[in-house]
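One structure is given below, encoded as structure tokens.
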Protein chains: 2
Amino acid sequence: MAFSTFYPQPRMLMGPGPSDVSARVLSALARPTIGHLDPEFIGLMDQIKQLLQYAFQTSNALTLPVSAPGSAGMETVFVNLIEPGDQVIVCRNGAFGERMRENVIRCGAQAVMVDSPWGEAVCLDLLEQTLKDHPDAVAVAAVHAETSTGVCSDVEAIARLAREYQCLSIIDAVTSLGGIPVKVDEWGIDAIYSGTQKCLSCVPGLSPVSFSDTAVQRITSREHPVQSWFLDLNLVIGYWGKDDQKGGKRSYHHTAPVNDLYALHEALLMLNEETLPVAWQRHQLNHEALRVGLETLGLSFTVSADIRLPQLNAVSIPEGIDEASLREQLLKKWQIEIGAGLGSFAGKVWRIGLMGQSACQSNVLTLLAAMASCLTTQGLNVDSQAAIKAASQVYEVAAG
Amino acid sequence: MAFSTFYPQPRMLMGPGPSDVSARVLSALARPTIGHLDPEFIGLMDQIKQLLQYAFQTSNALTLPVSAPGSAGMETVFVNLIEPGDQVIVCRNGAFGERMRENVIRCGAQAVMVDSPWGEAVCLDLLEQTLKDHPDAVAVAAVHAETSTGVCSDVEAIARLAREYQCLSIIDAVTSLGGIPVKVDEWGIDAIYSGTQKCLSCVPGLSPVSFSDTAVQRITSREHPVQSWFLDLNLVIGYWGKDDQKGGKRSYHHTAPVNDLYALHEALLMLNEETLPVAWQRHQLNHEALRVGLETLGLSFTVSADIRLPQLNAVSIPEGIDEASLREQLLKKWQIEIGAGLGSFAGKVWRIGLMGQSACQSNVLTLLAAMASCLTTQGLNVDSQAAIKAASQVYEVAAG
């Protein structure tokens, strides 16, 4: 094989993540590497912590980015909070609820499942019944924004139920953070993890997490040591620092991914400048425009409107359409990436992401034009101009 | 706190890692993010795998970069190879041997220690005796280049002993890979992990690993599931691919750190262009120049010459010198980072790294000038010009 420098094709990232990363974040990423114990870098860490607290809407002292992707954030939460023999209630309505179950089992704990069909939200009645039936359960785990289906579950209600039954609440906010409201303190969430490559529009590779004081107490008073050395928060705290440690001495745990943290800082700075409410509104607006446009093309949404995520749109594949070849055409001819269906949804839906920087008018209009063209290629009779006009009107109305 | 874009100070990284990252690698890092399942990206992954095989000098099919720093690479090796109840012989002659022990214990296994003092190499006689005394041991673990002490152990002999006693060999090559010979196949190493931020001069955040077929067989026929979901190679293999899968279908496991992998590819490409023998020679040459220069300044090396690492120089702190304030002065006045001592060596040694791009003439000469100046500030009478001249002669002789 001949090796050569890799120059990626320009892509419009409208799949389930990663999302488009801005030039501003890429430029931060590429600044010269400095040491992870450099006083300048310690100052940056303090800022990242505070910017993450804003993103999560929390004052939790234990708020930090895990030095690995979202899956490792999920694992961080489970290995630190769950002990062998624990009973954990896991809400499963898609691929990531299933992954939570696997994590619980690998901690030597028992997963009690609250199952809802793919494409539906977590059933609160079923959850409450399960809590009643399992008085020994120590935690309830649920996914806020199911990336595999595009469904939003009511994690505020889930956290409230968990609390009522003396359980910790564990929330997956990988795809929700920055795209829809996530209010850790107001909702009383005990442990939450996210990813950087979705609505934060940063490069993939880090997983922001946050823990309530109740959760921290459980971590620091565990009976069994945390099974992972790398993810043991009792050790990580020494590097990321307690609240009284601002700018102070940090003890070495592992080498932090310095450049990725430059990028995360910049992405969080952009969110801070835009403000959360405006970012949430932007995701909603672009979703509205996309929805109107796709519906004008004759496509329909898989998930019912009341539980639909604006940032991850599951669109049903029309009969007779070769979904894989359409995605291939979108990628090769239009440089647009959208997602295939996962698990139960494989071959049945496309997943169209409008996350972070990808949630913008030019992406939505380009996708509509491209979709119309690709559908036409496969023999569907669609009105491209009408779809673009309908979507444009959404933006015009919003602009006043 | 007022938040603002972070512009790092320019640093000369001569500590125990990260090392200086070239403009070429930083530029690769900042290329636009694409999807981790994009066919273009899959092609890049194939190249990374082959370039890593070259770096490790192996034809192992299971050779890939773990999506997290070196500590996670270490954990990947242990959680995949070790089962609860196993007996593992761990050679400990510094901080990272101790970390291996902690990993073994967290796997529910028993660590049998082969202890050598800090600053000395792993004692082969003691290892052989321990192997004789523990016929049930399944693996021998040792650190090639102890970053905490600057000592090189004979891992070729360690792997041979392990094999003689029917044990797998597990080698930490975090600081050795790219800086001194690491010959996985020739030495018969079964499992090895490294880091990107040392002699590969890439950004921190990834951990290259490689496993022999014997090791792979053990991983795929485990009795207990791997305790980590994120690091379970039985799942990761589906994404990074088997040998017969080149360019083929990859199944989603976690979102790969796309941009970090651009950077790793470029760093490995540079190593491939330079070739391993030339890179090893460059590290040795710069070490010689540094050694001669520092000795001319009256400083002495902590570790005896026959087991000294060229890329990580433990230098004894002269009596009467405030080591922390000297490091602070180097950083603030000269923009040079060197490392403090760890563990038993805290307050006793400086750790001067000559890793990857940092192993160059300008870094060595600048450090000598800076060291001389800082030592003088603290009242030591040193001859800066003589040190620089002595070091320069090493380069002149090498240039012919």
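Just so you know, all these numbers are worked out from the coordinates, no wet-lab data involved. What you are looking at is a predicted structure, and each value in this text was computed from that prediction instead of being measured. Note that we place each Cβ from the backbone using ideal geometry, even for glycine, and neighbour counts take in every protein chain shown.
Observations
- Quarter of the Cα convex hull surface for the range B:275-399, i.e. its orientation-mean projected area (nm²): 7.7 nm²
- Of A:133, A:190, A:46, the one that fluctuates the most in a GNM where chain A has Cα springs shorter than 10 Å: A:133
- Here the protein assembly as shown is assigned +1 on the Cβ of each Lys and Arg and -1 on the Cβ of each Asp and Glu. Its dipole about the Cα centre then comes out at about 1340 debye.
- Cα centroids of the range B:1-67 and the range B:377-392: 37 Å apart.
- Within the protein assembly as shown, DSSP assigns beta bridges of which about 50% are antiparallel (rounded to the nearest 5).
- Of the residues B:4, B:238, B:14, the one whose Cα sits farthest towards the positive end of the charge dipole of chain B is B:4 (charges of +1 on Lys and Arg Cβ, -1 on Asp and Glu Cβ, taken about the Cα centre).
- At 7 Å out from Cα toward Cβ: residue A:160 inter-copy label distances (nm, ascending): 7.1
- Hydrophobic, long helices, defined as DSSP H runs whose alpha-carbon span along the helix axis is 27 Å or greater and whose mean Kyte-Doolittle value is at least -0.5, occur in chain A at A:276-296.
- Rh (Kirkwood; distinct C-alpha pairs) - the protein assembly as shown, Å: 27.4 Å
- This ranking places B:239, A:262, B:395 by how few other beta-carbon atoms lie within 10 Å of each, fewest first, which gives B:395, B:239, A:262.
- Measuring nothing but how far apart in sequence close Cα pairs (under 8 Å, 6+ apart) lie, relative to its length, chain B scores a relative contact order of 23 percent.
- Least to most buried among A:360, B:202, A:152 (fewest other Cβ within 10 Å first): A:360, A:152, B:202
- The protein assembly as shown: calculated mean residue ellipticity at 222 nm from DSSP helix runs of at least 4, using -39500 (n - 2.57): -13500 deg cm²/dmol
- Fraction in percent of alpha-carbon pairs per bin - 20 Å, chain A: 28, 55, 17, 0
- Ranked by how many other Cβ atoms sit within 10 Å of their own Cβ, fewest first, the residues B:336, B:42 fall in the order B:42, B:336.
- Entries in A:49/B:49; A:49/A:198; B:183/B:332 that, when Cα-Cα distance is taken, lie over 29 Å: A:49/B:49; B:183/B:332
- Summarising the amide proton neighbourhood of residue A:114: residues at separation of 5 or more, or on other chains, whose placed amide H is nearer than 5 Å comprise A:90, A:91, A:92.
- If you run the Gaussian network model on chain A, springs between alpha carbon atoms under 10 Å, then out of A:378, A:197, A:87 the most flexible one is A:378.
- Take residue B:322, push a point 7 Å out from Cα through the beta-carbon direction, and compare it with the same point in every other copy: 7.5 nm, smallest first.
- Hydrodynamic radius of the range B:79-207 by the Kirkwood approach over all distinct alpha-carbon pairs: 14.5 Å.
- Dipole magnitude for the range B:275-399: about 220 debye, using +1 per Lys or Arg Cβ and -1 per Asp or Glu Cβ, origin at the Cα centre.
- Nearest-first distances (nm) between copies at residue B:398, label 7 Å from Cα via Cβ: 5.9
- DSSP-assigned coil residues among GluC sites (Glu not before Pro) in the range A:301-381, each with at most 15 further Cβ atoms within 10 Å: A:319
- Dipole magnitude (debye, nearest 20) for the range A:1-131, charges at Cβ of Lys, Arg, Asp, Glu: 500 debye
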